[in-house]
Amino acid sequence: MGKISKEKSIGQNAILNLVRTLMLILFPLLTFPYISKVLQVENIGKINYSQSIVSYFSLIASLGITSYAIREGSRIKNNNVKLNKFVNEIFSINIYSTLLAYSLLFIAIFFIGKFREYWLLMLIQSFSIIFTTISVDWINVIFEDYFYITIRSIIIQIFSLILMYVFVKNPCDYYLYEIISVCCNGLVSVLNLMRVKKYCKIKLCKRIDFKRHIRPILILFYNNLAVSIYVSSDTTMLGWMVGAYYVGLYAVAVKIYSIIKQLIGSIYSVITARMSLYYAEGKTNEFKTLLSSVINIIIFISIPATFGILFTANEIVIELSDTTYEPSSVALRILALAFFFAILGGVLASCVNLPLKREKNNLLATVISAMLNIILNLFLIPKYKQNGAAFTTFLAELSVSLILLYGLRDHYDLFNFKEMKVNITKCLISSSPMFLTDYISRYLLHLKGIKYLSIMVILSASTYFGMNVLLKNQCIILSIKEIFKTKKTGGINESA
């Protein structure tokens, strides 16, 4: 029997996900200055280098399962029989891939001498692989359960914060720091397993329809691998070619860059499931309107974020760590130029190509960018070290967005380019007062450190919003109204 259900507001989901991301950002902001000073540059470099290695094996374990599961699960979430079968097949595939990942990791540690130097760190960090697998957090995303995801994240982050301040006291505690991080991830996994029982029963399958699942999963995996290569290869190659010290410097710039990118990305990450549903149901107008709204909001946020980082990079680095990390401010400025292109690429890949089942376009873009990144790293890292790594990341993000945009040339009707152009122009004009704000704060008032940052944030945000109002930037108002709409939709809930 059909039943009418109320769709969760995308705006509410976006706010919940934004709150969760803010918490994920706030706690590192609280801990990172402390951790970076206590553990020091060399040990921070060791942690990030070993994490970059383990991340490749995490990719093998996860394959392209999360993206595939969210897309396909969102299409059948109102059919209990199909959903249960789908979830258990995907979970079983994930268990097998996790066993393969651990086997390859242990072989790598045993045979590669450079890895043996970090074997204990890598072993500790590898527990996150199995925790991610059994977490099945993609089920919560399929059902847009962002309230639970947000509350869970806040509680675990508070617990993690307390443990770090209590137990991490000196440079040799970097092993303990990683144990705390991994154990908190394990707690998240346990809570998730308890939660998803309300949606479906998780169990291993004896019979799996590999023919149906494996091809799209592998395409998404190759895409994720290519993304990881151009994201993590900088850290890996820095550690290999010039040492852990420069990895430590680069880690600060990447941390700040990742935090802001994650914050902006939280806005569009909640709509992948909804976009997949709209496309599956042939709701082209809803698809186009939602896509346009999200892109306009991201433009509105990413442009001033880029300018803000360009002006305040030096102060941000020092305030979040200390003066020993100051050389990383140049790398941060370079990475700031990548914000807009990184977010645009994420929207095109997750919110357009994935629902349209054009994963091959994502794969092509990321493979080309990964190759470009690695080749340029070989030439730039030895001479420019962390700054060279940052520049190759910028080029990789730029190339991904341009290739993805070109690949969608037969679907340009999905985009309102005229509206986007107007929005970009008005946001650039509205960001221009930051030049004056920086001059007044730095050279007339002679402000430094946290005082300078506070004035810059307050005055820049005020003038930016004020200028957009004066310029009558209707794109933002209409976009916000659109994502907060809640509609009635029909859904058939079938049970065995």
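The values are calculated or read from the model by the stated rules, or taken from the named source; none is laboratory data. Note that the coordinates shown come from a computational prediction; the quantities given were computed from them, not determined experimentally. Note that each Cβ is placed from the backbone with ideal geometry, even for glycine, and that neighbours are counted across all protein chains shown. We work out accessible area using only protein heavy atoms, side chains counted, and drop any ligands, DNA or RNA first. Shrake-Rupley method; radii C 1.70, N 1.55, O 1.52, S 1.80 Å.
Observations on the model:
- All of (1) open to solvent by 10 Å² or more (accessible area, probe 1.4 Å); (2) not in a loop (DSSP other than H, G, I, E, B) hold for Ala313 with one exception: (1).
- Some residue of the stretch 393-411 being open to solvent by 20 Å² or more (accessible area, probe 1.4 Å), of a type in the set (Phe, Trp, Tyr) and over 20 Å from Asn223 (Cα atoms): no
- Of the helices (runs of 4 or more DSSP H) lying entirely inside the stretch 74-149, those carrying at least 2 residues that are over 24 Å from Thr236 (Cα atoms), out of contact with any helix residue (DSSP H, G or I) (no Cβ under 8 Å at 6 or more places or on another chain) and open to solvent by 30 Å² or more (accessible area, probe 1.4 Å) are 80-111.
- Any hit, the stretch 199-212, residues being assigned to a helix (DSSP H, G or I), in contact (Cβ under 8 Å) with a residue 12 or more places away in the chain and more than 26 Å from the chain's Cα centre (by Cα): yes
- Test for Leu380: is it over 21 Å from the mean Cα position of the chain (by Cα), without any contact (Cβ under 8 Å) to a residue 60 or more places away in the chain and at negative phi: yes
- Remark: Lys418 falls outside the filter, which requires a residue to be charged (D, E, K, R), open to solvent by 40 Å² or more (accessible area, probe 1.4 Å) and at pLDDT 90 or above.
- Of all residues in the stretch 251-283, those being at pLDDT 75 or above, of a type in the set (Ser, Thr, Tyr) and within 12 Å of the chain's Cα centre (by Cα) number 2.
- The residue pairs whose first member lies in the stretch 105-116 and is β-branched (Val, Ile, Thr), whose second member is surrounded by 15 or more Cβ atoms within 10 Å (Cβ to Cβ) and not in a helix (DSSP H, G or I), and whose beta carbons are closer than 9 Å, counting only pairs six or more residues apart or on different chains, are Ile109/Tyr118.
- Verdict on Ala336 being closer than 14 Å to Ile256 by Cα and either modelled with pLDDT under 90 or open to solvent by 10 Å² or more (accessible area, probe 1.4 Å) (or both): no
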